[in-house]
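Asks: This is the structure, below, for whatever I ask next.
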Amino acid sequence: MITLHHCVSARSFRPLWMLEELGIPYDLKMMPFPPRALARSFLEINPLGTVPAMVDGTVRMTESSAICQYLAARFSPGKLDVGVDELAFGAYLNYLHFGEATLTFPQTLVLRYLHFETGERRQPQVAHDYGKWFLARLRTLEPLLAEQAFLCAHRFTAADVSVGYALLLAQHLGLDQQFTPSVRAYWERLQARPAYRRAMVAQNGAAISQGVPTIPSPDIRPEELA
């Protein structure tokens, strides 16, 4: 059985959502945030101390978008995955990684300089600038989503999970108030998916049963949190 180590509303929500879309059994291990500080034994599983950490037999993975690609290719070829022989293969890979590298990264700086830092280290202007950076990149999806329901291949794929998490994080940060119309409608479609709702229920239920706070605490990289 797949084991997923997860913090509430962190990047590890991507593989959790994928697992619910796939309908395969998994063991959800909830971590307090940040696990490298509050659950030191977790460093034996992932020396970075970040989530996600997914274990599937002998496979160990720690990058959320890569885990989504792995799960889609292994358990849902031609559905949540896009094959190399499909015209949309390049677009699929591009949006899969766009969700993390282009959309999630600037939001981690908003998190650091507006929510995690204190005193003179808090930098509202930096947070504001990177919030604008995120929204400017997100707006590039507006024409595409005005014409189609999902990002590529005329169907919901792992790329939508990757980008969808960035929209969830934006919602936690209050940036969703500035979504363009088609992006907002897309986000509403994603939230209406039964698997998305099940993932939300699963993380909250597991957090409560495992004694982990349910206040959303999106994960950031070690170098982004002093």
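The values are calculated or read from the model by the stated rules, or taken from the named source; none is laboratory data. Values in this document were obtained by computation on a predicted structure and should not be read as measured data. Neighbour counts are summed over all protein chains in view; Cβ atoms, including those assigned to glycine, are modelled from backbone coordinates with ideal geometry. In case anyone asks, the SASA skips ligands and DNA or RNA and just uses the protein heavy atoms, side chains included. Shrake-Rupley method; radii C 1.70, N 1.55, O 1.52, S 1.80 Å.
Asks: Take the solvent-accessible surface of the protein heavy atoms, probe 1.4 Å, and return the percent of it on the stretch 32-162 that carbon and sulfur atoms account for.
Replies: The nonpolar share, carbon plus sulfur, comes to 56 percent.
Asks: Still on this structure, please answer the following. Assigning unit charges at the beta carbon (Lys, Arg +1; Asp, Glu -1) and nothing else, what dipole magnitude in debye, to the nearest 20, does the stretch 143-212 show about its Cα centre?
Replies: Computed about the Cα centre, the dipole is about 220 debye.
Asks: So if I place +1 on the C-beta of Lys and Arg and -1 on the C-beta of Asp and Glu, and nothing else carries charge, what would the dipole magnitude of the stretch 1-151 be about its Cα centre? I want it in debye, nearest 20.
Replies: Computed charge dipole of the stretch 1-151: roughly 560 debye.
Asks: In what sequence, largest accessible area first, do Ser41, Ser12 appear using a 1.4 Å probe?
Replies: Ser41, Ser12
Asks: Any idea of the accessible area per residue across the chain, 1.4 Å probe, to the nearest Å²?
Replies: 45
Asks: Might you report the magnitude of the Cβ-based charge dipole of the stretch 7-93 about its Cα centre, with Lys and Arg at +1 and Asp and Glu at -1, to the nearest 20 debye?
Replies: Approximately 400 debye in magnitude.
Asks: Just the Cα atoms of the chain, one point each, no solvent: what log10 I(q)/I(0) does Debye give at q = 0.18 Å⁻¹?
Replies: Normalising to I(0) and taking log10 leaves -1.41.
Asks: Compute, for His172, the solvent-accessible surface of its heavy atoms (probe 1.4 Å) with the complete set of protein chains present, and express it in square angstrom to the nearest 10.
Replies: Probe radius 1.4 Å; accessible area of His172 about 70 Å².
Asks: As I understand it, the dipole of the chain uses +1 on the Cβ of Lys and Arg and -1 on the Cβ of Asp and Glu, about the Cα centre. Which of Met31, Pro106, Phe179 lies farthest toward its positive end?
Replies: Toward the positive end, the furthest listed residue is Met31.
Asks: For the stretch 30-74, what's the relative contact order in percent, using C-alpha pairs closer than 8 Å and at least 6 residues apart?
Replies: Reported relative contact order: 22 percent.
Asks: Ok, one more. Counting only complete DSSP H runs, which helices of the chain cover 30 Å or more along their long axis at the Cα atoms and score a mean Kyte-Doolittle of 1.0 or above?
Replies: None pass (Cα extent of 30 Å or more, hydropathy at least 1.0).
Asks: Oh, and also: Which whole-number percent gives the relative contact order of the chain, counting Cα pairs below 8 Å spaced six or more residues apart?
Replies: Once normalised by length, the contact order is 28 percent.
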